[in-house]
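This report concerns only the one structure given below.
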Amino acid sequence: MKKVTVLVPCYNEEEALPLFYERICGTISSLDGYEWELLFINDGSRDRTLQIMRNLHARDSRVSYVDLSRNYGKEKAMLAGFDYAAGDCTIIMDADLQDPPELIPQMLGYWEEGYEDVYAKRNSRGRESLSRRFFSLMFYSILQKTTRIEVLQNVGDFRLLDRCCTDAMKNLREAERYTKGMFCWIGFRKKEIVFDRGDRVAGKSSWNFFSLLALAIEGITSFSIAPLRISTVSGAIISLAAFIYMIFVFVKTLILGDPVQGFPTTIIIILFLGGVQLLSIGLLGEYIGRIFIETKHRPVYIAREHNGTLIK
């Protein structure tokens, strides 16, 4: 009998978690021929999320949980899930039920046909502000144009991964992670399912504009060196423009005897070049910072407890 792991990273989901458990149980109870594991990852929650996981584990043998030592972020919590998942395939879901469990039978059907990565593409994004939707689409467009791998737009973490994909993700031990890009990078046979994303059933999202911006920067710098090339190209263009302008001023002064207008031109050029230099240094700093973090070789996360047993 094949085993299916449902991986659910959780951060402050005490209101949504019981609702998720009831709904997922209603879905998997109708699917015969599979052994199930509901694997919850507590990503340093500050509410009763961990206690709810413990209670579910005590009354349902299908429930497993891992408690991380602090909040590491969803990307690293998913890696912890990959490490502890025991299933022949892993289905990644959020506890807020924006990703409907009712799609699981369809995912399993495509998996049985031989597809190794069955991902859910959003036809609609639920209750989301226009500004967030605009910046999200703009980010995917920029990432697609600056990287050599195919980037799937309007695709989140809701997907089914075959064991081979799960093992491949486990082997990618990067400290700074952009998992959505990694799913594309590892390849394998993929299949798309289109769905309408719902709204949160309880609680509120821990993602704000600045955390999403940080994730976008992470995605671009993790899978592309285009920003560094932009700095190089900008430097070349500015140098060429400065050389042409210098020849123009020199010829103009010799032929027409025109005095060179100094102060305004000098200030504008200095401010412009200063801005370009600071931007280039900032981009360079982003990459150097990632090199610095990776060279420490620290563990990506530390797990404190697994199914009631403290990890030493």
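Rundown of residues vs (1) assigned to a helix (DSSP H, G or I); (2) under 30 Å from G81 (Cβ atoms); (3) at pLDDT 70 or above, yes/no style:
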site: S206; (1), (2), (3): no, yes, no
site: I217; (1), (2), (3): yes, yes, no
site: V249; (1), (2), (3): yes, no, no
site: I267; (1), (2), (3): yes, no, no
site: L271; (1), (2), (3): yes, no, no
site: V276; (1), (2), (3): yes, no, yes
site: Y287; (1), (2), (3): yes, yes, yes
site: E305; (1), (2), (3): no, yes, yes
> Going by the structure shown, is Y115 outside any loop (DSSP other than H, G, I, E, B) and either more than 19 Å from the chain's Cα centre (by Cα) or modelled with pLDDT of 85 or more (or both)?
Replying inline: no
> Of these, E35, E102, which one is in a strand (DSSP E or B) and at negative phi?
Replying inline: E35
> When the stretch 23-76 is examined, which residues are found to be in contact with a Gly (Cβ under 7 Å, 6 or more places away or on another chain), hydrophobic (A, V, I, L, M, F, W, C) and either in contact (Cβ under 8 Å) with a residue 60 or more places away in the chain or surrounded by fewer than 13 Cβ atoms within 10 Å (Cβ to Cβ) (or both)?
Replying inline: L68
> Does the stretch 100-110 include one or more residues that are modelled with pLDDT under 65, assigned by TED's automatic domain parsing to the domain that holds Y65 and either in contact with a His (Cβ under 6 Å, 6 or more places away or on another chain) or surrounded by 15 or more Cβ atoms within 10 Å (Cβ to Cβ) (or both)?
Replying inline: no
>> Suppose we filter the stretch 278-304 for residues that are surrounded by fewer than 14 Cβ atoms within 10 Å (Cβ to Cβ) and either among the charged types (D, E, K, R) or under 22 Å from V66 (Cα atoms) (or both); how many remain?
In response: 5
> Which is polar (S, T, N, Q) and within 26 Å of E112 (Cβ to Cβ), of S45, S30?
Replying inline: S30
> Is it the case that the stretch 71-85 has a residue that's among the polar types (S, T, N, Q) and in contact with a strand residue (DSSP E or B) (Cβ under 7 Å, 6 or more places away or on another chain)?
Replying inline: no
>> Please determine whether any residue of the stretch 85-96 is within 24 Å of the chain's Cα centre (by Cα), under 23 Å from C164 (Cα atoms), touching a residue at least 40 places away in the same chain (Cβ under 8 Å) and exposed (fewer than 15 other Cβ atoms within 10 Å of the Cβ).
In response: yes
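The values are calculated or read from the model by the stated rules, or taken from the named source; none is laboratory data. Remember, predicted model here, so these are calculated numbers, not experimental data. Neighbour counts are summed over all protein chains in view; Cβ atoms, including those assigned to glycine, are modelled from backbone coordinates with ideal geometry.
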